[in-house]
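S.K.: The structure that follows is given in the form of structure tokens.
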Amino acid sequence: MSSKGPIQEAPRSVTRVVSATVTREGGGFLVHRPFPTAELREFDPFLLLDEMGPVEYREGEAVGAPDHPHRGFETVTYLLEGAMQHRDSSGHQGKLQPGDVQWMTAGAGVIHSEMPDPAFTRTGGKAHGFQLWVNLPRKDKMIRPRYQELPSEKIPVAESPDGKVTVKVIAGESLGQKAVIETRTPIFFLHFWLLPGGKVSQTIPKEFNTFAYIISGEGVFGSEGRTATDHQMVLFAPDGHTIQFSQKGASILSVLLIGGVPLNEPVVRYGPFVMNTEQEIHQAIDDYRNGRMGFINP
């Protein structure tokens, strides 16, 4: 995937623009969620996108997601502001600072907690980030859990020749840069910043399901020039090899562009468990209740 080279065909069209709903998750933190909702259940191979915040916490107010299990998919946590601490039932611990990414393959199952860093809780401040759930194919649902944790400085960044577009390449490729993250199925996860006059033409495989999520600013998307703004998700039709969008107005456009090969497999989900059959969900619940996913030590 690269945004270099001449355009050989019309860009993909936009099928829908979906506005995120506002809800509370975990210990009560604010979430903007474009899916799953009543309007959009899933976007194969993706199961959920949560924009955590943005919210300004006073001293001692910050909240997170205490101990909870996962099985059958991956969580991608991308922090923009604030500081988070991660612990899990296998003894793994980590910390996310602004710009960092954690790509967790839950696989057969893990219990983890995602809480504000104690120092951040004491001082307060702005918290903002994203969590994307990526479904695992049937053959990988019971693999051993794995973590890929990347500090911001190790994530490739590229800039367009005119200096009006910057991209952070979390997964996939763009503007000649290739991500260092390994994915179980073909996926791209790109964070673009467009200055006034900035335009993007991102080449993608035709079979990829692709969407954009606007973090801030306003943009014009697709062959028909659909406008979208903060907390909106733009869904593209599978009718071309390029995604085109441009900045609109006076503000910088900050946008995630995410796509992947659909699995086209049955999806049965129950909260933090995503499997292919009801029986597999019952087994996940039984394994969790009987401690077979482990425990987080105090």
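The values are calculated or read from the model by the stated rules, or taken from the named source; none is laboratory data. Remember, it's a predicted structure, so these values are computed and weren't measured experimentally. Cβ sites come from the backbone with ideal geometry, for glycine too, and all protein chains shown count toward neighbours.
S.K.: Can you tell me which residue is surrounded by the most Cβ atoms within 10 Å (Cβ to Cβ) among those in the stretch 158-183 that are over 20 Å from L132 (Cα atoms) and in contact with a Ser or Thr (Cβ under 7 Å, 6 or more places away or on another chain)?
M.R.: Checking each candidate, the answer is L175.
S.K.: Considering the stretch 1-29 alone, what residues qualify as being touching a Gly at 6+ places or on another chain (Cβ under 7 Å) and either modelled with pLDDT of 85 or more or in a loop (DSSP other than H, G, I, E, B) (or both)?
M.R.: Here is the first cut: in the stretch 1-29, the ones touching a Gly at 6+ places or on another chain (Cβ under 7 Å) are 1-2, 4, 9-14, 26-27, 29.
Scanning the stretch 1-29 gives M1, S2, K4, E9, A10, P11, R12, S13, V14, G26, G27.
S.K.: To continue, here is another question. Counting only residues that are part of a loop (DSSP other than H, G, I, E, B) and either surrounded by fewer than 19 Cβ atoms within 10 Å (Cβ to Cβ) or at positive phi (or both), how many does the stretch 30-68 have?
M.R.: Total satisfying the criteria: 13.
S.K.: Going by the conditions given, is T277 within 19 Å of E42 (Cα to Cα), hydroxyl-bearing (S, T, Y), crowded, with 18+ Cβ neighbours inside 10 Å and modelled with pLDDT of 95 or more? Outline the logic, then answer.
M.R.: Working: within 19 Å of E42 (Cα to Cα): yes; hydroxyl-bearing (S, T, Y): yes; crowded, with 18+ Cβ neighbours inside 10 Å: no; modelled with pLDDT of 95 or more: yes.
Answer is no for this residue.
S.K.: Hey, another quick one. What pairs come out if I take residues in the stretch 115-140 that are of a type in the set (D, E, K, R) and pair them with residues that are part of a strand (DSSP E or B) whose C-beta lies under 6 Å away, six or more apart or interchain?
M.R.: D117/Q85; K126/E56; K126/E81
S.K.: Identify the single condition in (1) closer than 18 Å to R146 by Cβ; (2) touching a Pro at 6+ places or on another chain (Cβ under 9 Å); (3) surrounded by 19 or more Cβ atoms within 10 Å (Cβ to Cβ) that G82 does not satisfy, given that it satisfies every other one.
M.R.: (1)
S.K.: So, H191, is that one touching a Lys or Arg at 6+ places or on another chain (Cβ under 8 Å), closer than 18 Å to Q131 by Cα and either acidic (D, E) or touching a residue at least 40 places away in the same chain (Cβ under 8 Å) (or both) or not?
M.R.: Yes; evaluated as a whole, the condition is true for this residue.
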